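*Asks:* Structure below; questions to follow.
The values are calculated or read from the model by the stated rules, or taken from the named source; none is laboratory data. The structure displayed is predicted, hence computed values, not measured ones. Here Cβ is always computed from backbone atoms with ideal geometry, including for glycine, and neighbour counts include all displayed protein chains. Surface accessibility is based on the protein's heavy atoms, side chains included, excluding ligands, DNA and RNA. Shrake-Rupley method; radii C 1.70, N 1.55, O 1.52, S 1.80 Å.
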Amino acid sequence: MDKSETKMEKKEPTKVEATKVATIDEALEKTHFGKFNTQIIVFSGAVLNNVILESVGMSFALPVVSCDLDLSYQEQGILGAICFLGIIISSHFWGLLADTMGRKRIMQPTLFLGFAVTLISSFSVNFTMMVILRFLNGIFISGSSATIYAYVGEFHCEKHRNRAVLYGSFIAAFSAIFFPLIAWVFINQEWQFEVPLLGITYRPWRLFFIVCGLSGLVCGIIFHYLPESPKYLLGANRHDEALDVLRYMHKKNTQSNKKLQNESFEITTLLPDLADVPAVDTQTKTNDKKSLTSICRVIWNQTAPLFMSQHIRKTVLSSAILFTTFFTAHGVYMWFPYILNNINLYVAKYDEPKRLCDILRFAQSSNFTLDGDAEFPVAEKICVTKLEIDTYKHTLSLEFIYVGLLLLVIYANRRFNRIPILFIVLTVCGLCGILSLLVEDPMVSIYLFLIMLCSGLGTNVMNAIVVDIFPTSLRAMAVCISLMVGRIGSVTGSNVLGALIETHCEEALYSSSIALVVAAILALLMPKAASEKKKKINVEEAN
């Protein structure tokens, strides 16, 4: 009896000791999934919604802005894409800073600066001023647009990480349902007043810009009460701070749970996950920071691994898929209100069935009158001061369809691997895009076109994959680079349509649809994440 007690006493310290040392992923799992995680996910959705409002809000205002500032189709294409160009140019820079200085330290100030530039841009007096300010706005949006995926993912263990990223995307998508309503409330008003000092007439679309930017201001304020990512803190050798964040997470998640209220967080030593090997030499970061050579070395050390044998396949494929998806989901979407407005005007005045591009050509050649008789079209260019109500209705339908499909994707993600999901999403959207150009019923064409624009679902799935397949030390940079290339697709899509919509409509829209099918095939070449392999093993064991 005494011997057995002695054995038990020897085993007990070993068990206690085992609970005190854990990898960061094990420690995150010990904090449980609760109130804190919900707050982080909701916050990430709000930040992503701010990115949508700031970057895509121009699509609703563009027809009205073009009238006020007297813009050509090419200038409209530039104005629609310039925000994305700012995001593209600065993505690599923000990715570097987020990986070396911290997620919160970069995102919070850029949210405030983004709102400040948006506020000023609402007082733009001409095309040049608007382009410069929207470009700067894109630079600041970029600070949070990609980093937020790494930030929310790093508060979750491998079990919940992918779900957290998709839930954040769902919240952003659900919030976007109200986007057409906000646009309708503000843009379709008739008030105006003069601003003598600037020599401009302040109209509703200018206030619409400010409303779109307000979410960034709110998110910046909320960020003051949120901690830095524990995974980043551990990677930056701030061990005690990482533990403090984990203890805070554990407290928030357990204090309202009766079963876990008395549980204490016993981990005292953190170990990095095997995949999270630092890509940046700590000495380089701490010594001689201001040296140009040192800065270049940091940039090289943080970027080069993504294009070396271990990661190059993942980097190239994710970038190519996101380029194609953004080309359609954002680039073509910038022209969606314009296309819808013309189709709605045609349907209201003519019964003859026509294909989508034929309607657009007819609209450009006959210059619909908004109030006059359709049989006597005017020769002058129509100045649009507000959009057709049906334009907002169909855009609202797009948002509902998108949210419904995203819920389906989240549901499927629990049971199937993400790569087949991505393949199906992009293939279906691409085929619907092709069909939308072939059918002669304008309303059927609109809804097929709506489904094609839902290819943005692929962006959410792809970002979740990128967060999962890259190590913490490279994660923010990987997301930033892949999204940077993706947003080149946005700029390309917006400008291609701006240049070709009058003369080569079919070629421009067919190319985006076919490219989605090609991207779906590329998705099958993506490597599986560790969590996907575990899911497959668990399913096989269950069977």
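*Asks:* Under a 5 Å amide H to amide H cut-off, with H placed in plane at 1.01 Å, what residues pair with Thr23 once short-range neighbours are removed?
*Replies:* Amide H neighbours of Thr23: Leu271.
*Asks:* Can you compute the FRET efficiency between Ile312 and Asp351 using 1/(1 + (r/R0)^6), with r the Cβ-Cβ distance and R0 = 45 Å? Round to the nearest 0.05.
*Replies:* The pair Ile312/Asp351 has a calculated efficiency of 0.20.
*Asks:* Can I ask one more? Quick check: net charge around Tyr248, other residues with Cβ under 12 Å of its Cβ, Lys/Arg +1 and Asp/Glu -1?
*Replies:* +1
*Asks:* Any idea how far the Cα center of region 211-225 sits from the one of region 27-102, in Å?
*Replies:* So the separation of the two Cα centres works out to 13 Å.
*Asks:* What does the net charge come to around Glu506 if you take all other residues with beta carbon closer than 11 Å to its beta carbon, with K and R at +1 and D and E at -1?
*Replies:* 0
*Asks:* Given labels modelled 7 Å from the Cα in the Cβ direction, how far is it in nm from Glu29 to Val218?
*Replies:* About 3.7 nm, to one decimal.
*Asks:* Quick one: length gained pulling Phe93 to Gln261 fully straight, 0.36 nm per residue minus the C-alpha distance?
*Replies:* My answer for the length gained is 56.2 nm.
*Asks:* List the pairs from Lys354/Lys393; Lys35/Lys314; Lys252/Lys528; Lys251/Lys314 whose alpha-carbon separation is above 31 Å, in the order I gave them.
*Replies:* Exceeds cut-off: Lys35/Lys314; Lys252/Lys528; Lys251/Lys314.
*Asks:* Mind checking the dipole of region 58-144: about its Cα centre, +1 per Lys or Arg Cβ, -1 per Asp or Glu Cβ, Debye to the nearest 20?
*Replies:* 440 debye
*Asks:* In whole percent, what relative contact order does region 136-222 give with Cα contacts below 8 Å and a gap of six or more residues?
*Replies:* 15 percent
*Asks:* May I pose another question? Residues with beta-carbon under 12 Å from that of Ser121, excluding Ser121: net charge, scoring Lys, Arg +1 and Asp, Glu -1?
*Replies:* Local charge sum for Ser121: +1.
*Asks:* Order of 352-359, 464-471 by packing, highest average Cβ count within 10 Å first?
*Replies:* 464-471, 352-359
*Asks:* While we're here: Points 7 angstrom from Cα along the Cβ direction at Phe178 and Asp390: gap in nanometres?
*Replies:* Spacing of the two 7 Å Cα→Cβ label points: 2.9 nm.
*Asks:* Moving on to the next point. Work out the FRET efficiency for Arg238 and Glu194 from their Cβ-Cβ distance, taking R0 = 56 Å, and round it to the nearest 0.05.
*Replies:* Approximately 0.55, to the nearest 0.05.
*Asks:* Oh, and also: Could you state how much accessible area Val428 has, in square angstrom rounded to the nearest 10, with a 1.4 Å probe and all protein chains kept in place?
*Replies:* My reading of the accessible area for Val428 is about 70 Å².
*Asks:* Turning to a different aspect of this structure: Can you give me the three principal axis dimensions of region 386-491 from its C-alpha atoms, in Å, biggest first?
*Replies:* 50, 34, 23
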